[in-house]
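A.B. asks: The structure under discussion is supplied below as structure tokens; questions concerning it will follow.
The values are calculated or read from the model by the stated rules, or taken from the named source; none is laboratory data. Note that the structure is a prediction, hence the values are computed from the model and not measured. No Cβ is skipped: glycine too gets one built from the backbone with ideal geometry, and neighbour counts run over all protein chains shown.
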Amino acid sequence: MDNFQLANIVISCPDQPGIVKTVTTFLYEHGANISLLEEHVEDGHFFMRVEWEKGNNFKDEESFMEAFKKLRQDFGMTVKVDFNERKKRLVLFCSKELHCLVDILGRHAIQELEVEIPCVISNSKEAAELVNKFGIPFYCVESSKNSLAHEEEMLKILENHPSDFIGLARYMKVLSANFVEQVQQKIINVHHSFLPSFVGAKPYEEAYERGVKLIGASSHYVTPELDQGPIIDQDVKRIKHSHEISKLKLLGREIEKQVFSFAIKKHIENKLIIYKNRTIVFE
């Protein structure tokens, strides 16, 4: 079923008897037809995501939250409800490596990702022609090694192109803790999974020299602490002794595209909860 025909709610709270019954009864009494329910308990904490078919049961998210208020207070719930009233807005950052950018733009073009892309920001002009072909505004904001002036310019661009979250499609410039805190929205990053083993400018070359047998990639939420955010997805592929560095890079790019698009899709669908610097990922 089209996501825009569904509403969903994600709940976290201390685990106790009666949560599922109370929530489902509430939805039933308001005429909601539940299409999917997932739950998880960990360390005495309860997590749940419920989808239902939109109808005449609730006018909008605000009216739902008002009706749900007492139940939320009774169970001490943290709640995020999504009525899919509009497509989420994703701003993409990139540098010279364009494989993740191309993948997301392509998925967006064929409506595989139900998302709007207000603009693409890069510290290189490499992606300008590509992005323009998709009819999306492109901004090149060059950065220097010892200055954060580019971040002020990027914040101004974001003010003019409102978004719900940001995707770092192989953006090869560390964002300052101040920038991460100022944007006040989730940022999703992707990188190879050699960290922390090979952290230099040539990780694939170093991995080749060490004779690695696995290559992988990770997608995660960005926090002020570099590469310490909650991991959303990871994947690996086995490496043969005959694989040259170019083959390693090709395999790495394929995995990066996969885990990055997965993370973006799960975020769009409100299927992620952060708990103790980890993520609960619903199906």
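A.B. asks: Among the residues of the stretch 266-283, how many are more than 10 Å from the chain's Cα centre (by Cα), part of a loop (DSSP other than H, G, I, E, B) and not charged (D, E, K, R)?
C.D. replies: 2
A.B. asks: Can you name every residue in the stretch 242-280 that is in contact with a Leu (Cβ under 6 Å, 6 or more places away or on another chain) and either in the same structural domain as HIS40 (by TED's automatic domain parsing) or of a type in the set (S, T, N, Q) (or both)?
C.D. replies: Listed by number, the list holds a single entry, THR279.
A.B. asks: Could you please find all residues in the stretch 51-73 being over 17 Å from LYS265 (Cα atoms) and in contact with a Ser or Thr (Cβ under 8 Å, 6 or more places away or on another chain)? Working first, answer last.
C.D. replies: Within the stretch 51-73, the first condition is being over 17 Å from LYS265 (Cα atoms), and the residues that meet it are 52-73.
Once the filter is applied, which keeps residues that are over 17 Å from LYS265 (Cα atoms) and in contact with a Ser or Thr (Cβ under 8 Å, 6 or more places away or on another chain), the stretch 51-73 yields TRP52, GLU53, LEU71.
A.B. asks: Of these, ALA263, ALA207, which one is more than 22 Å from the chain's Cα centre (by Cα) and crowded, with 20+ Cβ neighbours inside 10 Å?
C.D. replies: ALA207
A.B. asks: Here are the criteria: (1) touching a residue at least 60 places away in the same chain (Cβ under 8 Å); (2) crowded, with 18+ Cβ neighbours inside 10 Å; (3) acidic (Asp, Glu). Tell me which single one GLU283 does not satisfy.
C.D. replies: Every listed condition holds for GLU283 apart from (2).
A.B. asks: Is it true that some residue in the stretch 158-165 is of a type outside the set (Ser, Thr, Tyr), more than 25 Å from VAL259 (Cβ to Cβ) and modelled with pLDDT under 85?
C.D. replies: No, the stretch 158-165 has no match at all.
A.B. asks: Among the helices (runs of 4 or more DSSP H) contained in the stretch 1-113, which hold 3 or more residues that are more than 24 Å from the chain's Cα centre (by Cα) and of a type in the set (Val, Ile, Thr)? Working first, answer last.
C.D. replies: Values: elements: 19-29, 61-75, 99-109.
Those helices (runs of 4 or more DSSP H) span 19-29.
A.B. asks: Tell me whether the stretch 239-246 contains one or more residues that are hydroxyl-bearing (Ser, Thr, Tyr) and free of Cβ contacts under 8 Å to residues at least 60 places away in the same chain.
C.D. replies: Our first condition is that a residue be hydroxyl-bearing (Ser, Thr, Tyr); within the stretch 239-246, this holds for 242, 246.
Checking the rest, the ones that are also free of Cβ contacts under 8 Å to residues at least 60 places away in the same chain come to 242, 246.
Yes: one or more hits.
Here is a yes/no grid of residues against (1) farther than 26 Å from LYS88 by Cβ; (2) touching a Phe, Trp or Tyr at 6+ places or on another chain (Cβ under 9 Å); (3) at pLDDT below 95:
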| position | (1), (2), (3) |
| --- | --- |
| TYR208 | yes, no, yes |
| GLY211 | yes, no, yes |
| GLU244 | yes, yes, yes |
| LEU248 | yes, yes, yes |
| VAL259 | no, no, no |
| LYS265 | no, no, no |
| PHE282 | no, yes, no |
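A.B. asks: Scan the stretch 59-84 for residues that are in contact (Cβ under 8 Å) with a residue 60 or more places away in the chain and either on the phi > 0 side of the Ramachandran plot or not β-branched (Val, Ile, Thr) (or both) and jot them down. Spell out the reasoning first.
C.D. replies: Going through the stretch 59-84, the residues in contact (Cβ under 8 Å) with a residue 60 or more places away in the chain turn out to be 75-84.
Hits for the stretch 59-84 are PHE75, GLY76, MET77, LYS80, ASP82, PHE83, ASN84.
A.B. asks: In the stretch 57-96, how many residues are surrounded by 18 or more Cβ atoms within 10 Å (Cβ to Cβ) and closer than 19 Å to ARG253 by Cα?
C.D. replies: Residues that pass the stated criteria total 4.
Let's see how each residue does on (1) in contact with an Asp or Glu (Cβ under 8 Å, 6 or more places away or on another chain); (2) surrounded by 14 or more Cβ atoms within 10 Å (Cβ to Cβ); (3) aliphatic (A, V, I, L, M):
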residue	(1), (2), (3)
VAL212	no, yes, yes
TYR221	no, yes, no
PRO224	yes, no, no
ASP227	no, yes, no
HIS243	no, yes, no
GLU256	no, yes, no
ILE268	yes, yes, yes
